[in-house]
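These notes concern the structure reproduced below.
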Amino acid sequence: MKKTVFLTAVMMLLTSCGKADSARTDVFIFSDASAEISGNIEKAAGKQHLSAKFFPASPEKLLVEIAAKEGDLYIVPEEMFKPFFDPEGLRPLGSHPGDGEPYTAAGSDGEKRVYAAVLNKGEKRLNGYTFQLNTDMAAFIPIYAKKTDEAMDLIEALRGQ
């Protein structure tokens, strides 16, 4: 009897821990940012129920993370993203692209859609924290992402500045 109660309690604890993690949107950032900048971004992200994870700006590491099918939003240096742009593996960010939108393609219905957003270098603000992008970044949502609405909100917040 005690063993059953203990196992039930452990299962409930593990289940509740899993739900807490699934409530977060995983943002994977590939950058050579300093520890101070990455720390500020992680703090700002935590206020929005985002989990920001930093990786070195390496194409190999990007491929590994995409192949692992982890992450709801990827933010990578635009120069690193250009050779990997393939709309088949990405969720569309919107239709009716504006002039000069670089990452567009026609969908199955023939309508042109945007598949990645450019976050221009410069000062960005998120939840009271300010940070500086020293290079243009590309933000995209992989086809397997679960938290697409939250990822879209973050892209819009970072682009709108």
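The values are calculated or read from the model by the stated rules, or taken from the named source; none is laboratory data. Note that this is a predicted model, so its numbers are computed, not measured. Backbone-built Cβ (ideal geometry, glycine too); neighbour counts: all protein chains shown. Please note that ligands, DNA and RNA were not included when accessible areas were found on the heavy atoms of the full protein model with its side chains. Shrake-Rupley method; radii C 1.70, N 1.55, O 1.52, S 1.80 Å.
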HN-Hα J in Hz across region 45-54 - Karplus 6.51, -1.76, 1.60, θ = phi - 60°, x for Gly and Pro: 5, x, 5, 10, 6, 10, 10, 8, 10, 9
Distant-in-sequence amide H partners of ALA138 (H built 1.01 Å from N, under 5 Å): VAL76, GLU78, LEU119
Segments 109-122, 54-67 sorted - mean Cβ within 10 Å per residue, highest first: 109-122, 54-67
Accessible area (Å², per residue) of region 25-160, counting only protein heavy atoms and a probe of 1.4 Å: 53
Carbon + sulfur, % of accessible area of region 28-161 - ligands and nucleic acids excluded, 1.4 Å: 48
Which listed pairs, of LYS43/LYS82; LYS61/LYS121; LYS47/LYS124, have C-alpha distances above 25 Å, in listed order: LYS43/LYS82
Alpha carbon convex hull of region 25-160, projected area averaged over orientations, nm²: 7.8
